[in-house]
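The values are calculated or read from the model by the stated rules, or taken from the named source; none is laboratory data. The structure displayed is predicted, hence computed values, not measured ones. Virtual Cβ from ideal backbone geometry, glycine too; neighbours counted across all protein chains shown. Only protein heavy atoms, including side chains, enter the accessible area calculation; ligands, DNA and RNA are left aside. Shrake-Rupley method; radii C 1.70, N 1.55, O 1.52, S 1.80 Å.
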Amino acid sequence: MPGFSARPPRDWNPAERRLWRAFQEGQELDLRTGVPGEDDPATGPAWTAARRIRAQVIAALLLNGPASASGRVRSLRLTGARVTGRLDLRGAVIDCGLDLTGCFLDSELDLTLASAESVYLNGCRLPELSAEVLRARTFMMRDALVEGDVRIQGSRIDLDIDLDRTRVGGLLNANLVIVGGDFNGRNWHRHEERPGAGLVVGGSLNFAGAQVNGIDLFAAQAGEGIWLQRATVGYLCAASSKVNGRISLQGSTVTGELDLTGALVRAGSPDEVMIDLSDAQAGKTVLTPAPHSVGVVSLRNATFGTLQDLSQDGPRTELDGAVYERLQPLPPHSARRRLAWLRRGSDNYTPQPYEQLASAYRACGLNREAGQVMREKLRRAAAGQGLVQRVWGRVQDLVLGYGYQPWRAAVGVTVLLTLGTLYFSTVQCHAAPAGIKGLCPIKPDEHPAWDPFLYTLDLLIPLVSLGHDTAWDPVGSAKAVALALTVAGWVLATTIAAAAARTINRS
């Protein structure tokens, strides 16, 4: 349409003429009847001609409209209208706000490559929205219904994008979007425990490569997954969300909090990944999905400040390469449950998850639990080796708990020393007079006094001789017992040496 003079074109209908005057004054044109049932955009096809505004009229006002009235800032603010025809603003440079509230658009709205002060589509109903590479200060579309797709990929919004409680029948593509503020698709009453969904997307919700200060999807729903691969986000809340498919933040960075409290996520099968945080980085991460979620959580090679999960009550979690500064909950006496958590995460043994869990226990001052974890790590390492290594590992576990239970060696020495002393207290040399106990001396004229305790102790100490083991000559069953004690002493000494070397290496 040509540029305007002081009056609207004669072929405009009364509602369009009123919109012209409202635009010039920067005021709202409200075409609602005041009857809630009649003002619902779902009934838009039945609205009377008195509420109809042609899309080309809106485009003409935005692109070549009249100057503002004196002392006014022009703006297109339209409420309760039926917009007929395709509103094509592709590549437009709009120097004022576009505000459509509670309107019914019977054709697509195209803002591709456009530049606008602001875009408001609150409560509107439209078949599809294309806003790729849109540049605007703010973009708001609360409580709206889009029957098809919403495409805002590559757009740059200086402040916020608000899609609270909006319904999208198709997909929502926000790949590579840059938002200076937040992307909101939440249930507004998130802190008042009121029922109701936030943003609902029938297809997938995509943020791959996006840069956003924060994403709030509290109580949102996505029919085919939420995808944020390689995105950079200040914080992300998807608490109480419902997702069929996968929540994927593979390779993404969340500098603040990542909150998935109560998220109900259902992958295609129990063996498929439902939450993918592989190679991601996040600050505090609350990973407590709803009980009926289906699938696996992947934390492979991810890095977290604080990781809060459900421990053994949660889903199977892949932890190979995952690093976390703190793990919650991590109370005393929880090592057994956490070890079951590690075993569920992988059928194949890898040492890193055990070392990381032990480090988390040590950071909490729970050294006993850290030792339990490291002992299990060495058990699983030995179980994957050859027969000799498995046997030797079993011996180290029984004798010293791989060095993490040194009291076992003390108990073992005490038991062997006691049993040996009791046994050798009963032996008698066949050449000695009746009633005189003790083994026969090797040199009858040169030997210490018989002492079953010192003799047993000398047998158990392989590298130091007290002079008793070489002074007496055991025969028969006494020889077998002496040999067993000598072997036990060497096993103890070797096991202790191996544990000491392992301790030095840890240090």
Next item on the list: Determine whether G209 is in contact (Cβ under 8 Å) with a residue 40 or more places away in the chain and assigned to a loop (DSSP other than H, G, I, E, B).
Entry: no
Item checked: Checklist (1) closer than 20 Å to K377 by Cα; (2) of a type in the set (D, E, K, R); (3) crowded, with 16+ Cβ neighbours inside 10 Å applied to D347, failing item -> (3)
Margin query: So, restricting to strands (runs of 3 or more DSSP E) that lie completely within the range 30-91, which ones have at least 2 residues that are of a type in the set (D, E, K, R) and in contact with a strand residue (DSSP E or B) (Cβ under 8 Å, 6 or more places away or on another chain)?
Written below: 52-54
Checklist line | Unique residue being within 23 Å of N122 (Cβ to Cβ), open to solvent by 60 Å² or more (accessible area, probe 1.4 Å) and basic (K, R) when the list is R17, R10, R54 | finding: R54
Notebook entry, point to check: Which of the residues that make up the range 295-317 are over 21 Å from V243 (Cα atoms) and among the hydrophobic types (A, V, I, L, M, F, W, C)?
Noted result: A302, F304, L307
Margin query: Regarding the range 244-266, can at least one residue be identified that is out of contact with any helix residue (DSSP H, G or I) (no Cβ under 7 Å at 6 or more places or on another chain), under 18 Å from L171 (Cα atoms) and without any contact (Cβ under 8 Å) to a residue 24 or more places away in the chain?
Written below: yes
Check: So which of D473, D469 ends up being surrounded by fewer than 16 Cβ atoms within 10 Å (Cβ to Cβ) and modelled with pLDDT under 80?
Finding: D473
Next item on the list: Name the single residue, out of those in the range 432-456 being surrounded by 13 or more Cβ atoms within 10 Å (Cβ to Cβ) and of a type in the set (D, E, K, R), that is modelled with the highest pLDDT.
Entry: D451
Check: If L417 satisfies every condition in (1) assigned to a helix (DSSP H, G or I); (2) open to solvent by less than 60 Å² (accessible area, probe 1.4 Å); (3) at pLDDT below 65; (4) not small (G, A, S) but one, which is the exception?
Finding: (3)
Item checked: Residue that is nearest to T43 (Cα to Cα) [pool: residues in the range 92-107 that are part of a strand (DSSP E or B) and open to solvent by 10 Å² or more (accessible area, probe 1.4 Å)] -> F104
Note to self: Just to check your reading of the model, which residue among L366, L342 is farther than 21 Å from A280 by Cα and modelled with pLDDT of 90 or more?
What the structure shows: L366
Next item on the list: Quickly run through the range 59-91 and pick out the residues that are open to solvent by 20 Å² or more (accessible area, probe 1.4 Å), farther than 19 Å from G26 by Cβ and not hydroxyl-bearing (S, T, Y).
Entry: R82, G85, R86, D88, R90, G91
Notebook entry, point to check: Which number in (1) at pLDDT 70 or above; (2) in a loop (DSSP other than H, G, I, E, B); (3) not hydroxyl-bearing (S, T, Y) marks the one condition that L485 misses?
Noted result: (2)
Item checked: Qualifying positions in the range 108-124 - outside any strand (DSSP E or B) and either among the aliphatic types (A, V, I, L, M) or closer than 23 Å to V35 by Cβ (or both) -> L111, L113, A114, L121, N122, G123, C124
Notebook entry, point to check: Applying the selection to the range 153-179, what residues are of a type in the set (G, A, S) and either under 24 Å from the mean Cα position of the chain (by Cα) or more than 19 Å from V233 (Cα to Cα) (or both)?
Noted result: G169, G170, A174
Margin query: Against the condition on the phi < 0 side of the Ramachandran plot, without any contact (Cβ under 8 Å) to a residue 60 or more places away in the chain, within 11 Å of the chain's Cα centre (by Cα) and assigned to a strand (DSSP E or B), how does G305 come out, does it pass?
Written below: no
Check: From E355, E325, which residue is farther than 18 Å from K284 by Cα and in contact (Cβ under 8 Å) with a residue 12 or more places away in the chain?
Finding: E355
Note to self: Checking G225 against (1) more than 17 Å from H292 (Cβ to Cβ); (2) buried (at least 19 other Cβ atoms within 10 Å of the Cβ); (3) in contact (Cβ under 8 Å) with a residue 24 or more places away in the chain; (4) touching a Ser or Thr at 6+ places or on another chain (Cβ under 7 Å), only one condition comes out false. Which one?
What the structure shows: (3)
Check: If the Cβ limit is 8 Å and pairs must be 6+ apart or interchain, which residue in the range 359-376 that is farther than 18 Å from A322 by Cα pairs with which residue that is open to solvent by less than 10 Å² (accessible area, probe 1.4 Å) and among the polar types (S, T, N, Q)?
Finding: E369/S334
Checklist line | Number of positions in the range 125-162 that are in contact with an Asp or Glu (Cβ under 9 Å, 6 or more places away or on another chain), part of a loop (DSSP other than H, G, I, E, B) and either within 24 Å of D40 (Cα to Cα) or open to solvent by less than 50 Å² (accessible area, probe 1.4 Å) (or both) | finding: 13
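Conditions tested, residue by residue: (1) in contact with a Lys or Arg (Cβ under 8 Å, 6 or more places away or on another chain); (2) farther than 26 Å from G412 by Cβ; (3) of a type outside the set (S, T, Y); (4) in a loop (DSSP other than H, G, I, E, B).
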| position | (1), (2), (3), (4) |
| --- | --- |
| E446 | no, yes, yes, yes |
| D458 | no, no, yes, no |
| L463 | no, no, yes, yes |
| L466 | no, no, yes, yes |
| T470 | no, no, no, yes |
| V481 | no, no, yes, no |
Next item on the list: Look at G262 and say whether it is at positive phi and of a type in the set (G, A, S).
Entry: yes
